[in-house]
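All remarks here apply to the structure that follows.
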Amino acid sequence: MTVNGSTQDNDVEPRLLLVFYLREVLGLTGTKVGCDTTSCGACTVLLDGESVKSCTMFAVQADGADITTIEGLATDGEFHKVQQAFHDNHGLQCGYCTAGMVMAVVSLLEEQPNPSEADVREGLEGNLCRCTGYHNIVKAVLAAAGTGGGAS
């Protein structure tokens, strides 16, 4: 598989979850382990451009895939537009859900470049945040899309 543009070739146990492969084998700890049941979304990564919850996917299932984690979004030291929008709009508090939330938003905006507030709320229903109440997260997503929001 390719992870953040780098080819990876490792022998792994067939039952090793993708989230643990990323964290423990590759040392990419931005992807978090939250619930282990796909309920919280803290483990969200992009697999061939689509958001997936890596806590319920085996690493071997990603054989041949292109994986992007939060560590792979920035380019030349510059935040991805979604990361920048979360920063500018205070779309995080404790930060535990942020990586998964950002990855889900990147996928959402790829599928829906001009979402409404309702589209954003529906698109993020699989990612939980226990700190923010979602107002600034939604504002950050709309700002990244250029359809509203913006730093206050």
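Quick note: the coordinates plus some simple rules give every number you see, no bench work behind them. Given the structure is predicted, the values throughout are model-derived calculations rather than measurements. Because the Cβ atoms are built from the backbone with ideal geometry, glycine has one as well, and the counts that use them run over all protein chains shown.
Pick the calculated mean projected area of the Cα convex hull in nm² for this structure from (1) 13.0; (2) 10.6; (3) 8.5?
The value computed from this structure is option (3).
Set the Förster distance to 30 Å, then compute FRET efficiency between residue 16 and residue 90 from the Cβ-Cβ distance, nearest 0.05.
Details: r = 36 Å, r/R0 = 1.20.
The formula returns an efficiency of 0.25 here.
In whole angstrom, note down how far apart the Cα centers of the range 15-31 and the range 107-142 are.
25
Looking at the range 58-134, which GluC sites (Glu not before Pro) are in a loop (DSSP not H, G, I, E or B) and have at most 14 other Cβ atoms within 10 Å?
125
With an 8 Å cut-off on Cα pairs and a minimum separation of 6 or more residues, tell me the relative contact order of the chain in percent.
With pairs under 8 Å counted, the relative contact order is 25 percent.
Can you give me the long-range amide H partners of residue 65? Hydrogens built in the peptide plane at 1.01 Å from N, cutoff under 5 Å, separation of 5 or more residues or another chain.
Placed amide hydrogens put 2 under 5 Å from residue 65.
Rounding to the nearest 20 debye, state how big the charge dipole of the chain is about its Cα centre with +1 on each Lys and Arg Cβ and -1 on each Asp and Glu Cβ.
Using only the charged Cβ atoms, the result is roughly 600 debye.
Distance in nm between label sites at residue 38 and residue 60, each 7 Å beyond Cα in the beta-carbon direction?
A separation of 2.0 nm, rounded to one decimal place.
If you plug each phi of the range 15-25 into the Karplus form 6.51 cos²θ - 1.76 cosθ + 1.60 with θ = phi - 60°, what whole-Hz ³J(HN,Hα) values come out, in order, with x for Gly and Pro?
Using θ = phi - 60°, the values come out as 9, 5, 6, 4, 4, 6, 4, 4, 6, 8, 7 Hz.
Taking amide H positions as placed 1.01 Å from N in the peptide plane, with prolines and chain starts having none, which residues 5 or more places from residue 51, or on another chain, fall under 5 Å of its amide H?
none
Read phi for every residue in the range 60-65 and hand back ³J(HN,Hα) as whole Hz from Karplus 6.51 cos²θ - 1.76 cosθ + 1.60, θ = phi - 60°, with x for Gly and Pro.
The phi angles translate into 5, 6, 8, 4, x, 8 Hz.
Please identify the longest segment of the chain free of exposed trypsin sites (Lys or Arg not before Pro), where exposed means a DSSP state other than H, G, I, E or B and no more than 11 other Cβ atoms within 10 Å.
In short, 16-129.
Through the Karplus equation 6.51 cos²θ - 1.76 cosθ + 1.60, θ set to phi - 60°, convert the phi angles of the range 123-128 into ³J(HN,Hα) values in whole Hz; use x for Gly and Pro.
x, 9, 5, x, 10, 9
What are the residues whose amide H is under 5 Å from the amide H of residue 116, where those residues sit 5 or more places off or on another chain and H is modelled from the backbone?
Sorted by chain and number, the residues that satisfy this come to none at all.
Restricting to DSSP H runs of at least four residues, report the calculated mean residue ellipticity at 222 nm for the chain, -39500 (n - 2.57) per run over all residues, nearest 500 deg cm²/dmol. Mind showing how you got there, number by number?
Details: 4 runs with 40 residues, N = 152.
Mean residue ellipticity, 222 nm, calculated: -7500 deg cm²/dmol.
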